[in-house]
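Participant: Input: one structure, supplied below.
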Amino acid sequence: MDWTPDDETANLIRHVAIQNAIEYEGKAAIGSVIGRIMGMRTDLRQHGKIVTGLVAKEVNKANSTAAAEGLDVLKEILEKEAPHLLEKREVKERRTGLPDLKNAEKGKVVLRFAPNPNGPLSFGHARGLVINSTYREMYDGEFILRFDDTDTKVKPPMLDAYERIQKETAWLTGRKPDRVIIASDRMEAYYEHAELMLQNDHGYVCQCSAEVFKEHRIAKTNCPCRDQKTSENLNLWSMMLQRQFKPGDVVVRVKTDMTLKNPALRDWPALRLQDTESHPHPRPEVGSKYVVWPLLDFQSAVEDHLQGVTHIIRGKDLMDSTRKQTLLYEHFGWDYPETMYWGRVKVHEWGGFSTSKMRNDIESGRYPGWGDPRLPTLEGLSGRGISNTALRAFWLELGITQKDISVPLSTLYAHNTKVVDAEAPRLSFIRHPVLCKVEGDEIPNSISTPVHPNDESMGMRTWEMIGREIYIENEDAQKGSLRLKEFADITLKGAPSPVANIDSYERSDKRPIVHWITKENSLEGTLLSTSNDEIQTVQGRIEKHNFAPGTIVQLERIGYACIKENDSFILCHESFDE
């Protein structure tokens, strides 16, 4: 059974939303309120989805009240009902948007987002796109989309991902990247810098096995290869390029210090051999052309320098990459970019999804494609009606923090509600429909209701009542006395069922208000939704309409949905309004 908050919890949510609106001058934020409430009441964390919906309602109310009546009205409420919240937190100026970049000069900031094209973009990728592209706008800078596609075996690139990622980037950020770089097109540049590193004795070609070198790393001792002459290293490098070794026989290492406290930094690997005969690169212009490939830390470091990247924003799990690359930059005499880090964001409902895992599941037939609504891909989310604006708002609200965060998916849904509600036409969909005959002397031949309750310009929906047959949901039909929304009271006893209080927008008593549809103005329809990694299908009756596939509508008493083909709908998420 669904959890229902008691009065104390409901009032807490309401009061903290008001407190937040006062504190930030009528601009309360859902995420901020949720964080405070969960900190005050840890017992509510298990009900995160429901709490988020309630918070969204109260935040919207508080912000609307502040805009219409002013902050003093909100202060009066807290003074009367929860004065301790006014005493506890003083009104302060809120930092809006992202923090300033360190040592950033307007017009000279260069940022990059570097996905592996082993599949299209997912919800997690959106963070990097949103944060970096927003800084581009803030500083009138440049934003580079770089494909790190130098792994042909563990994470082999997917050929059509290159174009798909570029389209998804434009969709999410609102514009194309300023530059597109493909690492597999840049192999000669990486070779040039590898050779330069060897010539300057900042690196060496190591023929130790992985097991043997691990022993040296643990013991903090140099391997014998480290003392090779420059000429010998260059000769071995030439042999690598000429395919005179097999994968695993040799690796090019960056000279650091084998006594460094962090083992990952000790003479880290920069380039290795790959079996591109068995695992050719999927891009036909690359194929099996190269056998020596840079590892990501080397490739990324060189490319960031060559492209003039000034700021890198990445996950805190890549701090070791920064340390490795800084050591390489010192060898070359380069200045390392300013770097910021963020922690992990875990969404309760998705658990652990990776691009590689999703690709395996698609190739095995578990999912039909990347656009499956159960997957957290941008294609899947947009197909369910999640807007790019909501995705941007979600990530910008979380901002940049090294703290690991766990959030319910309803937080994203609350942002989406703000975006789609104002333009989403209302439609009736009757699940498990029950046909009822109604009677009454004042029943008109047609009923008209607004397409949108807050936008008269969207017109009216007109339903024919000539046959006086309506559909209501089976669950509602068990209740006996109902209020048919924007029409009449009905008592379900016998057939036909009498209606009263026609044309009144007020209930005559506390009977529940339900949605309905006439037989003449409905068609058979299908509602699809996702739950526990399953797609659930509900048959019913959908109101006749002329909206094109892709339109986001609000199905009354159900939630927001995206129209598909053949009178079917995919549920985006529940509503967070009244």
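Participant: When region 297-323 is examined, which residues are found to be surrounded by fewer than 22 Cβ atoms within 10 Å (Cβ to Cβ), under 25 Å from the mean Cα position of the chain (by Cα) and part of a helix (DSSP H, G or I)?
Facilitator: Correct list: LYS316, ASP317, LEU318, MET319, SER321.
Participant: Kindly indicate whether any position in region 139-158 is surrounded by fewer than 18 Cβ atoms within 10 Å (Cβ to Cβ) and under 19 Å from ILE313 (Cα atoms).
Facilitator: Yes, some residue in region 139-158 is surrounded by fewer than 18 Cβ atoms within 10 Å (Cβ to Cβ) and under 19 Å from ILE313 (Cα atoms).
Participant: Against the definition (of a type in the set (Ser, Thr, Tyr) and over 20 Å from PHE429 (Cα atoms)), how does SER508 come out, yes or no?
Facilitator: Yes: the conditions hold for SER508.
Participant: Next question. If I filter region 217-260 down to residues being closer than 19 Å to SER288 by Cβ and among the basic types (Lys, Arg), which single residue comes out as farthest from the chain's Cα centre (by Cα)?
Facilitator: Here the residue is ARG243.
Participant: Follow-up. Within region 475-498, how many residues turn out to be in a strand (DSSP E or B) and modelled with pLDDT of 80 or more?
Facilitator: 8
Participant: Could you please find all residues in region 350-376 being closer than 30 Å to GLY35 by Cα and surrounded by 15 or more Cβ atoms within 10 Å (Cβ to Cβ)?
Facilitator: Listed by number, the residues that qualify are TRP350, PHE353, THR355, PRO373, ARG374, LEU375, PRO376.
Participant: Are there any strands (runs of 3 or more DSSP E) wholly within region 324-429 with 1 or more residues that are over 14 Å from the mean Cα position of the chain (by Cα), more than 26 Å from GLY48 (Cβ to Cβ) and of a type in the set (A, V, I, L, M), and if so which?
Facilitator: Answer list for region 324-429: 338-342.
The values are calculated or read from the model by the stated rules, or taken from the named source; none is laboratory data. All of these numbers come straight from a predicted model, not from anything done at the bench. A quick note on method: Cβ atoms are made from the backbone with ideal geometry, for glycine too, and the neighbour counts reach across all protein chains shown.
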